[in-house]
Structure formats: C-alpha cells, structure tokens
1. Tell me which strands (runs of 3 or more DSSP E) are completely within segment 1-90 and hold 2 or more residues being more than 22 Å from Lys112 (Cα to Cα) and modelled with pLDDT of 90 or more, or say none if there are none.
2. Does Val60 fit the bill of being among the β-branched types (Val, Ile, Thr), surrounded by 18 or more Cβ atoms within 10 Å (Cβ to Cβ), closer than 22 Å to Pro149 by Cα and free of Cβ contacts under 8 Å to residues at least 60 places away in the same chain?
3. I need the full set of residues from segment 107-139 which are of a type in the set (Asp, Glu), within 18 Å of Asn67 (Cα to Cα) and loosely packed, with under 13 Cβ neighbours inside 10 Å, in order please.
4. So which residues in segment 116-160 are in contact with a Leu (Cβ under 9 Å, 6 or more places away or on another chain) and β-branched (Val, Ile, Thr)?
5. Test of understanding: among His29, His23, His48, His79, which residue is touching a Ser or Thr at 6+ places or on another chain (Cβ under 6 Å) and not β-branched (Val, Ile, Thr)?
Amino acid sequence: MEMKKSEITIEILNSVQTQELRHLVLWPHIQAQKECTIDIDDCANAFHLGAVIKGRVVSVASFFQTNTEKLNALVPDAHKHYQLRAMATHVDYRREGAGREIINFALNKLKKMNIDILWCNARKVALDFYLNQDFESIDQWYEVPPIGPHKLMYYRIKDY
C-alpha cells in the first residue's frame, strides 16, 4: 500500500486522540485504552501530532518541554529541550512516510519556538527509523520493563 506524500496530512491532536494507537502499538500490556496516558499529556507546553491518511489517524507522537541532563553539555538551557514520547504507527501503515512527516512537522514547529534539541528514549525496534531521520544516539542500551531495550537519541534542531 504505497502512499503519496500528498495523501498524508499532519494534524494537531489532543491527548485522548493518541490513546488508541498508544494502546495498540506501544502498550498492549495496559488493560484499558483510556489508561494509555502520560502524566504530562495535558501540560501547557505539550503538543500531540497525528498523521492522517484518508481520514484515519495512522501515526501519533507527543512532544513535551522536558530536558535530560545527559544533553546539557550540548544545550545547557533546559528550556531549549523538547522530548518526543509515545510515537506509534499502525502496523498497516509503516514505511509509508507517516512517521517521517510527523517528525518533519514537529521539527519545523520546534524551530519556530526556538527549541534547540529534540530527544527521545528510542526502542531498539525503532532505532533505524530515528537514524534515518538523522537523530544521533548517546549512551548504552538500557532496559525499560516490560517494554524492552531503549537508547537515548537526539536531534539538533538548530541544524535543521
């Protein structure tokens, strides 16, 4: 099912609109879809994006103004850090460009907000996706039970 880029639109979502894909793709071990939340989902500086194809949200990601001390050497101002969390793409729409379009939209938005770095805790299965989006990695793999191995990755937005 090859999609043309023009068929993918990116929309601002509310946190509730991310829960279905979070549950299906990321957190199937959580009993109820409505529990697929992040404690800072509704903070003032948070935003959520969805890739939409033919009226269906097929990929989601959430963005939060949080820093990690591990990147302070690169960007000392903690207010210039944003974290990408809970990125999920429906299995039927992977490798169609939806995730890439979300990242590009977010990078443009964050650049306009004068944010310098976007970082995430990438799952091992998603490492190649982030590397293909020009994210860099630091640190060793670490385990997040019951999810699996993760690695800290980041993108220097000022270079975008």
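The values are calculated or read from the model by the stated rules, or taken from the named source; none is laboratory data. What you see is a predicted model, and the numbers here were worked out from it, not measured in a lab. No Cβ is skipped: glycine too gets one built from the backbone with ideal geometry, and neighbour counts run over all protein chains shown.
1. Details: elements: 8-13, 47-53, 56-64, 81-89.
Fully inside segment 1-90 and qualifying: 47-53, 56-64, 81-89.
2. Numbers: among the β-branched types (Val, Ile, Thr): yes; surrounded by 18 or more Cβ atoms within 10 Å (Cβ to Cβ): yes; closer than 22 Å to Pro149 by Cα: yes; free of Cβ contacts under 8 Å to residues at least 60 places away in the same chain: yes.
Criteria met by Val60.
3. Within segment 107-139, Asp139 is the sole residue that qualifies.
4. Once the filter is applied, which keeps residues that are in contact with a Leu (Cβ under 9 Å, 6 or more places away or on another chain) and β-branched (Val, Ile, Thr), segment 116-160 yields Ile117, Ile138, Ile147, Ile157.
5. Numbers: His29 fails: touching a Ser or Thr at 6+ places or on another chain (Cβ under 6 Å); His23 fails: touching a Ser or Thr at 6+ places or on another chain (Cβ under 6 Å); His79 fails: touching a Ser or Thr at 6+ places or on another chain (Cβ under 6 Å).
That would be His48, the only listed residue that is touching a Ser or Thr at 6+ places or on another chain (Cβ under 6 Å) and not β-branched (Val, Ile, Thr).
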